[in-house]
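Only one structure is covered here, and it is reproduced in the block below.
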Amino acid sequence: MTHGRPSSRGTLESIRAALASATDAQHAMTRAVELLKDEMPQYAWVGIYLLEGNALVLGPFRGKPSPHTTIPLGRGICGAAATARATIIVDDVNNDPRYLACSIDTQSEIVVPIMRAGRVLGEIDIDSDLRAAFGPDDRSLLEAVATLLSEKL
Ligand code: SME
């Protein structure tokens, strides 16, 4: 484990075990969100959006309620990641014109698409109150969780 960072490997194993026994997609998404929020202290808001037509619709989340429960594909960092079909990390949301504010405390954000056979099913969205909170370990953890979730959706 890198000094001062929580164990993303331990978190991935907790999520892998929880998803193996998840009974349905809703249960799987809820457990993944809960474990990420509980085990990664710098994750202030954790949610999953599902792609429905041309919009991302908020599913299970932990953190303060978001005003953005439906996001059109062309909007926000969420919409950009789904359109690009790639992870987006924003170190300073206040300097990104795409950013749709959820909380005034948010400083950085990561959005990771959940894909199957090249098609976007949804995405994991995480906000932090710390500037530049998301690095390579977070990207690896969350892309692995997205792969696990894609098998459950
Ligand atoms: N910040 C996101 C919107 C979702 S809230 O953070 C929960 C965006 O810019 O797409």
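Please report the net charge: other residues with Cβ closer than 14 Å to the Cβ of H27, K and R +1, D and E -1.
-1
R0 = 22 Å: FRET efficiency of Q26 with A86, Cβ-based, nearest 0.05?
Given R0 = 22 Å and the Cβ-Cβ separation, E is 0.25.
May I have the pair-distance distribution P(r) for the chain, computed from all Cα-Cα distances with 5 Å bins from 0 and rounded to whole percent?
2, 10, 21, 25, 22, 14, 6, 1, 0
With an 8 Å cut-off on Cα pairs and a minimum separation of 6 or more residues, tell me the relative contact order of region 33-92 in percent.
Value for region 33-92: 22 percent.
Net charge near T83: determine it from the other residues with C-beta under 12 Å of the C-beta of T83, scoring Lys and Arg +1 and Asp and Glu -1.
+2
Which ³J(HN,Hα) values in Hz, rounded to whole numbers, follow from the phi angles of region 108-118 under the Karplus curve 6.51 cos²θ - 1.76 cosθ + 1.60, where θ = phi - 60° and Gly and Pro get x?
With coefficients 6.51, -1.76 and 1.60, one gets 9, 8, 10, 10, 10, x, 9, 10, 9, 6, x Hz.
Packing-wise, with mean Cβ within 10 Å as the measure, how do 138-147, 19-28, 53-62 rank, highest first?
Ranked by mean Cβ neighbours within 10 Å, highest first: 138-147, 53-62, 19-28.
May I ask you to derive the FRET efficiency for N94 and Q42 from their Cβ-Cβ distance with R0 = 22 Å, giving the value to the nearest 0.05?
That gives a FRET efficiency of 0.80.
Need one number: nm distance between label points at R16 and K64, each 7 Å from Cα along Cα→Cβ, rounded to one decimal.
3.6
When a/c is below 1.5 the answer is rounded, else prolate if a/b is larger than b/c, else oblate, so apply that to region 1-73 with a ≥ b ≥ c taken from the square roots of the Cα gyration tensor eigenvalues.
It is oblate, given that a/c is not under 1.5 and a/b is not larger than b/c.
Hey, how many Å between the Cα centroid of region 24-48 and the Cα centroid of region 7-21?
11
Accessible area per residue for region 29-153 in Å², computed with a 1.4 Å probe and the full protein assembly in place, what is it?
Value returned for region 29-153: 44 Å² of accessible area per residue.
The values are calculated or read from the model by the stated rules, or taken from the named source; none is laboratory data. In this text, all values refer to a predicted model and were calculated from it rather than measured experimentally. Positions of Cβ are backbone-derived with ideal geometry, glycine not excepted, and every protein chain shown enters the neighbour counts. With ligands, DNA and RNA removed, areas are computed over all heavy atoms of the protein, side chains included. Shrake-Rupley method; radii C 1.70, N 1.55, O 1.52, S 1.80 Å.
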